[in-house]
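Note sheet for the following structure.
Every read-out reported here was derived from the displayed coordinates using simple, explicitly stated rules and does not represent laboratory data. Model, not experiment: these values are computed from the prediction. Ideal geometry is used to build each Cβ from the backbone, glycine not excepted, and the neighbour counts take in all protein chains shown.
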Amino acid sequence: MFTGLSSTRQPEVPARSLRRAIVLGGSVAGLLAARVLADHADEVVVVERDEVGEDDAGGRRGVPQQFQVHTLLPAGRAQIERWFPGFTGEAVDRGAVLSLSHQVQAWADDVAAVQAPNVVLLSESRTFLETLLRRRTLALGNVHQVNGVAEGLRYRDGRVTAVRVGGRDLSADFVVDAMGRASRLSDWLHDDGWDRPELERMRIDVNYATAYFRRAEQDPPTGAAISRFSPHYRKRTQAALTAVEDMQWMLMLTTYGADRPAPDLDDFRARCADLPGLFQDIARQEPVSEVRTYHQADARRRHFDRANRLPARLAAVGDAVASFNPVYGQGMSSAALHASCLSEYLCAGPDLDRPATGFFRSQKVVVDAAWDLSTSGDAQRTETTRPPFPVRLQRALVNQVITASTVDLRIATKFNDVAFMLAHPSTLATPSVLLRSLLVNLRHRRSRRAVPEPAAVEPVPVP
Ligand SMILES: Cc1cc2nc3c(=O)[nH]c(=O)nc-3n(C[C@H](O)[C@H](O)[C@H](O)COP(=O)(O)OP(=O)(O)OC[C@H]3O[C@@H](n4cnc5c(N)ncnc54)[C@H](O)[C@@H]3O)c2cc1C
């Protein structure tokens, strides 16, 4: 099912069945949902609380994470390219940087890792990406954006009929919640007598600090880099570097728990001193921003798929459904895959007067894949009790694969496909992948090359 959902083929779109669809929230997930709805509705209205112009998404309140590094995983790029053909080329023309595998460097516990050929990263700031998505979406002709705060829903005969915006009712044939992780849709549903989707949370306590530096080279030999550590390694500050638009570098540090980077260049540079030389070199360049910090206490998901009583003609996408530990870089790609789930649902000609169960069911497949990968890594860092044997066995095997992926191209390619959300995690659980991983790790330990111990390596982040 995951393979079908991540297809990049253009869908066969039936005749439009909706007069007006409304998307609540005009950020990455909302804009991609609007793109899909534009195939199915005469008019699509994006309701966005912040005043964002077509050419400027920067400095807005609704997206406090906007200044931190945002990696677009290959699956996200493939889906965005599906909905907006030529998007990558346009992004590069406007200053984004496309890095191929030989332009990406990675270290695991200070040991350089191999780079498989499927590492292709489009680097740009989140604001740049959102602006480009907004421009493309609003150019569709039947999509427009209104500035306003969504305050609630209206219903008739078991289905959503309107959205309350700024004290007025805006009628709708279909509504999509894309209001991010703080979405109030669950409260609205509960207050209006529907089921409140169950909220699942996992404590992560991740800390970010990001600073921008001047970039001298148009095409630097390395366009993206990452340094990650296993939970028990003596060092604590991990880092990701990406070349972004406007001839800048974006350098991000992450830590966990009480060890929070300060919003201060001296602290930032001092932390970089512990990293491979590339990061230190960039941190010595001229800064073009202050150091901005961000803390995220939990990963969370809302189980719409488990709710028994939901109104018809309602869906939810993006962080409003699942917001992960950001170091795994899954958020925007998940949002893009949710848009594809919405397309698949609407193209199948569902009975729109029944709840969108089919949509939430296929979205769950995407959410599960991302959630399982990231929370299993986080659980190994945070849990205080010994998990049951089957969980320990499964983790031990996954850790073998992750360790082998730092030294073996074939395993790295397989693992990247999963980490990049191009393939389902179950594709790693095959005898050939597991056996090869075990043999590779055994050989490398024997050959006394400095590779990290399998059980210790954390399945993290992408640059
Ligand atoms: C520190 C950090 C780093 C991250 N790094 C990455 C990364 O490397 N790669 C990646 O893919 N993802 C990353 N993410 C996740 C990514 O930011 C989100 O997944 C992505 O922005 C999609 O979010 P969204 O559109 O669902 O919600 P948001 O971006 O949160 O947008 C919600 C929108 O809804 C609007 N809104 C809210 N309430 C209302 C209302 N009542 N009425 C009208 N409008 C409303 C807001 O103004 C906002 O525009 C990161 C997140 C964080 C916190």
- Of the options Leu122, His40, Leu5, report the single residue whose Cα projects farthest towards the positive end of the charge dipole of the stretch 1-150 (beta-carbon charges: Lys, Arg +1; Asp, Glu -1). His40
- Message: With the crude spin-label approximation of a point 7 Å out along Cα→Cβ, what separation in nm comes out for Cys347 versus Gln218?
- Response: 3.9
- Item | Virtual spin-label span in nm between Asp192 and Thr427, 7 Å along Cα→Cβ | 3.9
- Query: Along the charge dipole of the stretch 116-257, which of Val206, Phe174, Gly193 sits closest to the positive end, that is, farthest toward it, with unit charges on the beta carbon of Lys, Arg, Asp and Glu (+1, +1, -1, -1)?
  - Reply: Val206
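Just for the chain, what percent of DSSP beta bridges are antiparallel, to the closest 5?
Counting only bridges with both partners in the chain, antiparallel ones make up about 70 percent.
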- Note on the structure: Sorted by chain and then number, the residues having a modelled amide H within less than 5 Å of the amide H of Leu153, at least 5 places away or on another chain, are Arg164
- Size descriptor, Kirkwood hydrodynamic radius, that averages inverse alpha-carbon separations across the stretch 389-456, Å: 12.0
- Message: Quick check: pseudo-label points 7 Å beyond the Cα along Cα→Cβ at Arg284 and Val13, how many nm apart are they?
- Response: 5.3
- Using the alpha-carbon centroid of each, what span in Å lies between the stretch 414-439 and the stretch 342-406? 15
- Using only helices, what value at 222 nm comes out for the chain when you add -39,500 (n - 2.57) per DSSP H run of length 4 or more and divide by the total residues, to the nearest 500 deg cm²/dmol? -10000 deg cm²/dmol
- To the nearest 10 degrees, how steep is helix 409-419 against the longest Cα principal axis of the chain, on a 0 to 90 scale? 30
- Message: If you average the alpha carbon positions of the stretch 114-177 and of the stretch 1-58, how far apart do those two centres end up, in angstrom?
- Response: 6
- Residues with amide H under 5 Å from that of Asp298, placed H, sequence gap 5 or more: Ile204, Asp205
- What's the local net charge at Gly158, with K and R +1, D and E -1, over the other residues with C-beta under 10 Å away? +3
- Query: Contour minus end-to-end for Ser447 and Thr384, with contour as 0.36 nm per residue of separation and end-to-end as the Cα-Cα distance?
  - Reply: 19.2 nm
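For the stretch 108-205, which trypsin sites (Lys or Arg not before Pro) are both in a DSSP coil and crowded by at most 16 other Cβ atoms within 10 Å?
Values: sites: Arg126, Arg134, Arg135, Arg136, Arg154, Arg156, Arg159, Arg164, Arg168, Arg181, Arg184, Arg201, Arg203; in loops: Arg181, Arg184.
Sites meeting the loop and neighbour criteria: Arg184.
Taking the mean number of other Cβ atoms within 10 Å as a proxy for protection, how do you rank 369-382, 106-119 from highest to lowest? Don't jump to the answer; show the numbers that get you there.
Values: 369-382: 20.0, 106-119: 18.1.
Peptide ranking by packing, descending: 369-382, 106-119.
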- Note on the structure: Treating only Lys and Arg (+1) and Asp and Glu (-1) as charged, each at its beta carbon, one finds that the chain has a dipole about its Cα centre, in Debye to the nearest 20, of 1340
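What does the highest-first list of 388-394, 28-34 look like by mean Cβ count within 10 Å? Write out the running numbers ahead of the final one.
Details: 388-394: 10.7, 28-34: 30.4.
Ranking the peptides 388-394, 28-34 by packing returns 28-34, 388-394.
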- Task: Convert each backbone phi in the stretch 191-202 into a coupling constant with the Karplus relation 6.51 cos²θ - 1.76 cosθ + 1.60 (shift: θ = phi - 60°), then list the ³J(HN,Hα) values in order as whole Hz, x for Gly and Pro.
- Result: 5, 8, x, 9, 6, 8, x, 4, 9, 10, 10, 9
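Which is the longest stretch in the chain that no exposed loop site breaks, taking sites as GluC sites (Glu not before Pro) with a DSSP loop state and at most 15 other Cβ atoms within 10 Å?
Working: sites that count: Glu12, Glu51, Glu54, Glu217, Glu290, Glu383.
Here the longest run is 55-216.
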- Local electrostatic count, Arg354, Cβ distance below 11 Å [Lys/Arg +1, Asp/Glu -1]: 0
- Item | Amide H contacts under 5 Å for Val407, placed H, 5+ residues apart | Val114
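Within a Cβ distance under 10 Å of Asn118, other residues only, what is the Lys/Arg minus Asp/Glu net charge?
Values: positive: Lys414; negative: Asp417.
So the surrounding residues net to 0.
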- Kindly write out, for the stretch 343-352 in residue order, the coupling ³J(HN,Hα) from the Karplus curve 6.51 cos²θ - 1.76 cosθ + 1.60 (θ = phi - 60°), rounded to whole Hz, with x marking Gly and Pro. 4, 4, 4, 6, 5, 6, x, x, 6, 6
- Query: With θ set to phi - 60° and the Karplus curve 6.51 cos²θ - 1.76 cosθ + 1.60, what are the ³J(HN,Hα) couplings of the stretch 149-163 in order, to the nearest whole Hz, using x for Gly and Pro?
  - Reply: 9, 6, 10, x, 10, 10, 9, 8, 6, x, 9, 6, 10, 7, 10
